[in-house]
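K.L.:
I am attaching a structure below and will ask some questions about it afterwards.
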Amino acid sequence: MKDYGLLVSFVGGDGGSWSVYRIVSVTGPTLAAVPRLAVVEGRDAQPLFPAAAWVLRGRIEEDHYLRLPERVALDEVSPPLGRSESTRAALIPIRKTHAWWSLPAGRRREIFEERSHHLARSLRYLPRVARRLHHGHDLDEPFDFLTWFEYAPRDEPAFDELVRELRATEEWTYVDREVDIRLHRDVGT
C-alpha cells in the first residue's frame, strides 16, 4: 500500500546514507554540488539539517495521469525501495512549463501516455528499477516532481536507456528545469 500524503525531503549536504557522484543540469539551472544526500520521510528535514545546501520536498500522491488498469499493471511489477542489491540511485527533480499546467488534465494525460507512452516505456524496465514519484507542485517547491529511482549497478545502463527514451518524448518538451543527480550507497549502510 502506498503512503499517500507522506512528505519526503531530499537533503543535499554533508549527511545522509547516499553519496553523490554526479549532478548534471539537463535543462535550466542546476543545484549546488554536495557530497551526500539524506532522504527523510514524514517530516520537514530543514531543522534536522540546518547547514544543508538544499532541501527538496515532495508528497506521495496518487498518479494523476494513470487509469485504474494502468495503475494495477504498474503496481504488479513495481519492486519496493530499499532492496539490498540496489546500491545505485537517481534523484531527478523536474519542473514543467506554465504551458503544461495551463492544459486541461485530459490533454496532459493524452500527451503523457497516448502520445509519449510514459508508462508503457517505463514498464519495460521494471522490476529492475524501483521508483517513487513525489509531487511538489502544490507545495510551492522549485520542482513539480521529484522522481526517485533505485537499482543495482548492473541495471544502470538500462536505467540510462529509459531516461534517454523519456527525454525524447513530446512530454519532455514541456520540461523547463531538470537536474539529474546520481548516487551510490555503500554496502552495509
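K.L.:
Can you name the residue in segment 159-183 that is hydroxyl-bearing (Ser, Thr, Tyr) and in contact (Cβ under 8 Å) with a residue 12 or more places away in the chain and, of all such residues, is surrounded by the most Cβ atoms within 10 Å (Cβ to Cβ)? Steps first, answer last, please.
P.N.:
Of all residues in segment 159-183, those hydroxyl-bearing (Ser, Thr, Tyr) come to 169, 173-174.
Filter again for in contact (Cβ under 8 Å) with a residue 12 or more places away in the chain, leaving 169, 174.
Working: Thr169: 16, Tyr174: 20.
Here the answer is Tyr174.
K.L.:
State whether the residues of segment 86-95 include one that is among the hydrophobic types (A, V, I, L, M, F, W, C), farther than 25 Å from Trp18 by Cβ and surrounded by 15 or more Cβ atoms within 10 Å (Cβ to Cβ).
P.N.:
Here is the first cut: in segment 86-95, the ones among the hydrophobic types (A, V, I, L, M, F, W, C) are 89-92, 94.
Imposing the further condition that a residue be farther than 25 Å from Trp18 by Cβ reduces the set to none.
No: segment 86-95 contains no residue that is among the hydrophobic types (A, V, I, L, M, F, W, C), farther than 25 Å from Trp18 by Cβ and surrounded by 15 or more Cβ atoms within 10 Å (Cβ to Cβ).
K.L.:
Continuing with the same structure: Kindly check whether there is at least one residue in segment 133-140 that is in a helix (DSSP H, G or I), under 21 Å from Val26 (Cα atoms) and among the acidic types (Asp, Glu).
P.N.:
Taking every residue of segment 133-140 in turn, none turns out to be in a helix (DSSP H, G or I), under 21 Å from Val26 (Cα atoms) and among the acidic types (Asp, Glu).
K.L.:
Now for a different question. Which one of Pro47, Pro79 is out of contact with any strand residue (DSSP E or B) (no Cβ under 6 Å at 6 or more places or on another chain) and either surrounded by fewer than 16 Cβ atoms within 10 Å (Cβ to Cβ) or modelled with pLDDT of 95 or more (or both)?
P.N.:
Working: Pro79 fails: out of contact with any strand residue (DSSP E or B) (no Cβ under 6 Å at 6 or more places or on another chain).
After ruling out the rest, the residue left standing is Pro47.
K.L.:
Write out, first by first residue and then by second, each pair whose Cβ atoms fall under 9 Å of each other, whose residues are 6+ apart or on separate chains, and whose first residue, in segment 77-95, is touching a residue at least 60 places away in the same chain (Cβ under 8 Å) and in a loop (DSSP other than H, G, I, E, B) while the second is among the basic types (Lys, Arg) and surrounded by fewer than 20 Cβ atoms within 10 Å (Cβ to Cβ).
P.N.:
As it stands, the answer is Leu81/Arg131; Leu81/Arg132; Glu85/Arg154; Ser86/Arg185; Thr87/Arg185, since those pairs meet every condition given.
K.L.:
Something else about it: Can you name every residue in segment 84-101 that is under 20 Å from Pro142 (Cβ atoms) and of a type in the set (Val, Ile, Thr)?
P.N.:
Scanning segment 84-101 gives Ile92, Ile94, Thr97.
K.L.:
Suppose we filter Glu156, Glu110, Glu114 for residues that are assigned to a helix (DSSP H, G or I), surrounded by 15 or more Cβ atoms within 10 Å (Cβ to Cβ) and free of Cβ contacts under 8 Å to residues at least 40 places away in the same chain; which single one remains?
P.N.:
Numbers: Glu156 fails: free of Cβ contacts under 8 Å to residues at least 40 places away in the same chain; Glu114 fails: surrounded by 15 or more Cβ atoms within 10 Å (Cβ to Cβ).
Of the residues listed, the single one that is assigned to a helix (DSSP H, G or I), surrounded by 15 or more Cβ atoms within 10 Å (Cβ to Cβ) and free of Cβ contacts under 8 Å to residues at least 40 places away in the same chain is Glu110.
K.L.:
Same structure, new question: Can you tell me which residue in segment 43-66 is nearest to Trp172 (Cα to Cα), limited to those that are within 17 Å of the chain's Cα centre (by Cα) and not in a strand (DSSP E or B)? I'd like the intermediate steps shown before the answer.
P.N.:
Taking segment 43-66 first, the residues within 17 Å of the chain's Cα centre (by Cα) are 54-66.
Checking the rest, the ones that are also not in a strand (DSSP E or B) come to 60-66.
Details: Ile60: 21, Glu61: 21, Glu62: 21, Asp63: 18, His64: 17, Tyr65: 15, Leu66: 17 Å.
Checking each candidate, the answer is Tyr65.
K.L.:
Quick check: anything in segment 96-105 under 28 Å from Val34 (Cβ atoms), surrounded by 13 or more Cβ atoms within 10 Å (Cβ to Cβ) and of a type outside the set (Ser, Thr, Tyr)?
P.N.:
Filtering segment 96-105 down to residues under 28 Å from Val34 (Cβ atoms) leaves 96-97.
This time we only want the ones that are surrounded by 13 or more Cβ atoms within 10 Å (Cβ to Cβ), so: 96-97.
Within this subset, residues satisfying the condition of being of a type outside the set (Ser, Thr, Tyr) are 96.
Checked segment 96-105: at least one residue is under 28 Å from Val34 (Cβ atoms), surrounded by 13 or more Cβ atoms within 10 Å (Cβ to Cβ) and of a type outside the set (Ser, Thr, Tyr).
K.L.:
List every residue pair whose Cβ atoms lie under 7 Å apart, where the two residues are 6 or more positions apart in sequence or sit on different chains, the first residue falls within segment 31-43 and is free of Cβ contacts under 8 Å to residues at least 12 places away in the same chain and closer than 14 Å to Asp180 by Cα, and the second residue, located anywhere, is acidic (Asp, Glu) and outside any loop (DSSP other than H, G, I, E, B).
P.N.:
Once the first residue is free of Cβ contacts under 8 Å to residues at least 12 places away in the same chain and closer than 14 Å to Asp180 by Cα and sits in segment 31-43, no partner that is acidic (Asp, Glu) and outside any loop (DSSP other than H, G, I, E, B) comes close enough.
K.L.:
Provide a single number: the residues in segment 123-141 that are out of contact with any Lys or Arg (no Cβ under 7 Å at 6 or more places or on another chain) and not basic (Lys, Arg).
P.N.:
Of the residues in segment 123-141, the ones out of contact with any Lys or Arg (no Cβ under 7 Å at 6 or more places or on another chain) are 123-129, 131-133, 137-138, 140.
If we keep only those that are not basic (Lys, Arg) as well, we get 123, 125-127, 129, 133, 137-138, 140.
Residues in segment 123-141 being out of contact with any Lys or Arg (no Cβ under 7 Å at 6 or more places or on another chain) and not basic (Lys, Arg): 9 in total.
K.L.:
Looking at the structure I just gave you, is Asp140 at pLDDT below 95 and over 16 Å from Asp63 (Cα atoms)?
P.N.:
So Asp140 fits the description; yes.
K.L.:
Kindly establish whether Val40 is surrounded by 13 or more Cβ atoms within 10 Å (Cβ to Cβ) and over 28 Å from Arg107 (Cβ atoms). Steps first, answer last, please.
P.N.:
Values: surrounded by 13 or more Cβ atoms within 10 Å (Cβ to Cβ): yes; over 28 Å from Arg107 (Cβ atoms): yes.
Spelling it out, Val40 is indeed surrounded by 13 or more Cβ atoms within 10 Å (Cβ to Cβ) and over 28 Å from Arg107 (Cβ atoms).
The values are calculated or read from the model by the stated rules, or taken from the named source; none is laboratory data. Since the model is a prediction, treat every value here as computed from it, not as a measurement. Neighbour counts run over all protein chains shown; Cβ positions are idealised from the backbone, glycine included.
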